[in-house]
Amino acid sequence: MRRTSALLAVLTIAPMAWTTGQEVVPADPPTIGRIVIRTHNIFDSTETRGNVLFGLANAIHFTTRPSVVRHELLFQEGEPYDEQKIAETARNLRARGLFRDVQVRVQDNGDGTVDVFVDTYDGWSTQLILNASFTDTELSWAFGARETNVLGTGASAGVVYRDEPDRSALQVNAFADRIRGSRLMIGGFWDNLSDGDFGVWNIGQPFRAFGDRSGFMLSGRAGRQRVLQFQPDRDSTNVFLRRLFRQRGELAFAPVAGSGGYVRIGIAAEIRREEFIFDSQRPDDDSLGFDFTLDPGTVMVPDTVTGTVGVLVEATKPRFMVARYYSGFGRDEDIDLSTRVGFFGWLAPRGFGYEATGVGPGVVVQTGVGVDRAFLLVRGEANGLFTSAGLDSGQVAVQLTAAAQVLPKSSTVLHVEWAERRGTPPGFEYDFGHGRGPRSFGPHAFVGDRAVWVALEQRAFVFDNILGLMGIGFTGFLDYGGAWYADRPRRLGGDVGLGLRFGSLRSIGNNTGRFDVGYRFGEGWGTKRWAVSFGSGFAF
């Protein structure tokens, strides 16, 4: 395997308004008079009256502070009224992950001024985590606690233990946003794995609104852990030891910025130290000594320090749809249908640790359209690293999602994705199964550097308000897809079946769970045709 690998650039974008189209601002807009911010607890006074449990829930929950909401406002008193900024503010508030509902209402005073009322309704943010996913015979589960709105400040912290088919881990995470009312954020997590350690950190000032003129981000990750390269078609697994340290910095400016769209230009640099060593231990041996004996030639990527520099350009024309009953029970969901084009290029000089100088161009594109109660969204990306010997590594991927609401409280969803990679490092292949790809297949049923997946769902959110706490719905589904290596036969499988959907009305986000029964066909299903799976609902 070559020491160089595919270079990916993550473009920072604003958070992603069934209504569509761009609002038309009046020629002579009124002036904003008062701005009234009202934050609401989980249950209102009529719900807590006579209900001890609802009252107790409110009592132990810290309602979001008005200052947290105020920091997200893109308008001020005395400014001209701009409907696009009003809509963008509502989207940004929903994207904070603190509220179960956000309402921004405008009142015309009849004297050339308008008052803006911003109402936020908290979701239950103190989470006792007891999650499980099951597919066929494999169970993953997690237990812990997380507070996503510490003391009503919007900060989060948590400790979670998870047990997965490949490893177990104890994770500690923390995140603070809008520090002291600024755009600054800081966050990260650390995983104490049964087969190593891994950590991620981020600090920066991201773009939060279409009108922002600048942003920066410092992000990094470091770890020492096993990496498993599954080969289900050969019923085998390669095991590697990976050591990694990576630090990246990005700085971008927007010469064009506003509610009608933006153009952002940035520079980036990265330093990376990485090593891949073939591990002779069995994949199911969780004793991590790292002192095993290595045969000659088993160092796949030697301990090497490399550096890259890059530039990136992104242009976006915003377009949004607000959907209800798309993937959750009766909540506003923001669908980003913006037309977005991003170009980036990386230079990997030989003098920065590479075997040969390489150039890594890439492109990311997205566009969508929404009409009445339907939308179509297409995304694509391609990148590669080219040296004097040709293409060293790269990838190309395309996704299409279409949805329509033909019946009330329901949605028909079609999702298609196709992708290919070359020069993939061990353990970074496409991996379908156990909640990713065809849902009735177990972990790592389909693995490779080529992948395709088609999913069709008919979702019906039948009972959307049971005792003001939860909703229950049903779905019919059809999946087909798989992953395989380029030098081996295609490996594809599918399933068809029915499922139950359930979700909390008082939690933050959609938080939809699923319980599915499917009939499998194709490859990767072993000897049993029928399978049961449950876990989080699919959000395409």
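Here is how the numbers come out for the structure above:
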read-out: Qualifying residue in segment 6-17 (condition: open to solvent by 80 Å² or more (accessible area, probe 1.4 Å), modelled with pLDDT under 85 and of a type outside the set (A, V, I, L, M)); value: no
read-out: Failed item, numbered, when Val365 is tested on (1) on the phi > 0 side of the Ramachandran plot; (2) assigned to a strand (DSSP E or B); value: (1)
read-out: Unmet requirement for Tyr485, which otherwise passes all of (1) more than 24 Å from the chain's Cα centre (by Cα); (2) among the aromatic types (Phe, Trp, Tyr); (3) over 25 Å from Thr527 (Cβ atoms); value: (3)
read-out: Selection count, segment 211-263, where residues are aromatic (Phe, Trp, Tyr), closer than 30 Å to Gly342 by Cα and open to solvent by less than 50 Å² (accessible area, probe 1.4 Å); value: 1
read-out: Helices (runs of 4 or more DSSP H) wholly inside segment 21-112 containing at least 1 residues that are of a type in the set (Val, Ile, Thr) and either modelled with pLDDT under 90 or loosely packed, with under 15 Cβ neighbours inside 10 Å (or both); value: 45-48, 52-60
read-out: Candidates Gly509, Gly499 - the one that is among the small types (Gly, Ala, Ser) and either surrounded by 20 or more Cβ atoms within 10 Å (Cβ to Cβ) or assigned to a strand (DSSP E or B) (or both); value: Gly499
read-out: Residue count for segment 176-185, restricted to those that are among the hydrophobic types (A, V, I, L, M, F, W, C) and in a loop (DSSP other than H, G, I, E, B); value: 1
read-out: Condition check for Phe278: modelled with pLDDT of 95 or more, aromatic (Phe, Trp, Tyr) and open to solvent by 50 Å² or more (accessible area, probe 1.4 Å); value: no
read-out: Pair list, Cβ under 9 Å, 6 or more apart: segment 460-482 residue within 29 Å of Gly524 (Cβ to Cβ) and among the β-branched types (Val, Ile, Thr), other residue open to solvent by 70 Å² or more (accessible area, probe 1.4 Å) and in a strand (DSSP E or B); value: Thr475/Gln458; Thr475/Leu498
read-out: Segment 422-434 - residue that is part of a strand (DSSP E or B) and within 21 Å of the chain's Cα centre (by Cα) and, of those, nearest to Pro361 (Cα to Cα); value: Tyr430
read-out: Residue list for segment 433-488, filter: of a type in the set (D, E, K, R) and farther than 14 Å from Phe538 by Cα; value: Asp449, Arg450, Asp464, Asp487, Arg488
read-out: Every residue from segment 459-473 that is more than 12 Å from Leu500 (Cα to Cα), open to solvent by less than 50 Å² (accessible area, probe 1.4 Å) and part of a strand (DSSP E or B); value: Asp464
read-out: Criterion: part of a strand (DSSP E or B) and surrounded by fewer than 17 Cβ atoms within 10 Å (Cβ to Cβ) - qualifying residue of Val398, Val406, Val416; value: Val398
read-out: Single residue of Arg146, Arg180, Arg162 found to be at pLDDT below 95, open to solvent by 40 Å² or more (accessible area, probe 1.4 Å), of a type in the set (Lys, Arg) and on the phi > 0 side of the Ramachandran plot; value: Arg180
read-out: Condition check for Thr126: modelled with pLDDT under 90, touching a Lys or Arg at 6+ places or on another chain (Cβ under 9 Å) and over 30 Å from Pro443 (Cα atoms); value: yes
read-out: Some residue of segment 63-76 being under 13 Å from Asp122 (Cα atoms) and of a type in the set (A, V, I, L, M); value: yes
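To keep it simple, each residue is scored yes or no on (1) of a type in the set (Asp, Glu); (2) part of a strand (DSSP E or B); (3) over 26 Å from Gly535 (Cβ atoms).
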residue	(1), (2), (3)
Gly158	no, yes, no
Tyr161	no, yes, no
Asp166	yes, no, no
Leu170	no, yes, no
Ala174	no, yes, no
Gly188	no, yes, no
Val200	no, yes, no
Ile203	no, yes, yes
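The values are calculated or read from the model by the stated rules, or taken from the named source; none is laboratory data. Quantities reported herein were computed from a predicted structural model and do not represent experimental measurements. Backbone-built Cβ (ideal geometry, glycine too); neighbour counts: all protein chains shown. To get the accessible areas, we keep the full protein, side chains included, count just its heavy atoms, and leave off ligands, DNA and RNA. Shrake-Rupley method; radii C 1.70, N 1.55, O 1.52, S 1.80 Å.
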